[in-house]
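These notes concern the structure reproduced below.
The values are calculated or read from the model by the stated rules, or taken from the named source; none is laboratory data. What you are looking at is a predicted structure, and each value in this text was computed from that prediction instead of being measured. Glycine also receives a Cβ, built like all others from the backbone with ideal geometry; neighbour counts cover every protein chain displayed. The accessibility values were calculated without ligands, DNA or RNA, using every heavy atom of the protein model including side chains. Shrake-Rupley method; radii C 1.70, N 1.55, O 1.52, S 1.80 Å.
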Amino acid sequence: MPARLPSWAWVSGLTVGAIAAVSVLTVQADQGPRPTAAATKPRPSASADAKPTPKETAPAPVPDGSGTGRRIVYSLDQQRVWLVDASDAARRTFEVWPGTVDPDPGTYTVGSRSKGATTGSDGVQIEQIVYFALEDGVSVAFSNAVDGSSPPPPASGAKTGGIRLTKADGAAVWAFAESGTKVTVVG
């Protein structure tokens, strides 16, 4: 029968074995390829000078001549809205789908709001309606479709004053546009 080693001998043997294994791995690592740090300053790549892709595009700047202070800015030409805070910083901007009746460029105020669902002039169920202008007898307002869809093409000759937003953008306008909030319409 073989002699039994004391437990301290086993622990010592395991420790020596572990140290030997680490030493062998260290030597092998020292002899292998080594990552090197860049010794030179990074240079801008060709892509740094290229125009950003649509995903990387900077937000559209608030149009010049749109006033100052807390306001909603609506650009007829860009079909875009900006929610601008009191420090003149755009907090959100997004594209919209305008109706067939545009308000004249100028400054308006939010006159009334309606949270609940109703049928828009295009026949679509809409909600979070923010009225701010009356043009040619048609109320002009921001709203979103209850189902989140974009508006259908208007019927021939129909006068629609709804400026349709996505559901998320409609919620943002609803939260921002209290009664009396300034709305600036630019060309």
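The figures follow:
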read-out: Filter result for F142 (touching a helix residue (DSSP H, G or I) at 6+ places or on another chain (Cβ under 6 Å) and among the hydrophobic types (A, V, I, L, M, F, W, C)); value: yes
read-out: Extreme residue, surrounded by the most Cβ atoms within 10 Å (Cβ to Cβ), among residues of the range 71-91 that are more than 20 Å from A168 (Cα to Cα) and touching a residue at least 12 places away in the same chain (Cβ under 8 Å); value: L76
read-out: Number of positions in the range 112-131 that are part of a strand (DSSP E or B) and either under 19 Å from T166 (Cβ atoms) or free of Cβ contacts under 8 Å to residues at least 40 places away in the same chain (or both); value: 11
read-out: Qualifying residue in the range 94-112 (condition: open to solvent by less than 70 Å² (accessible area, probe 1.4 Å), touching a helix residue (DSSP H, G or I) at 6+ places or on another chain (Cβ under 9 Å) and of a type outside the set (V, I, T)); value: yes
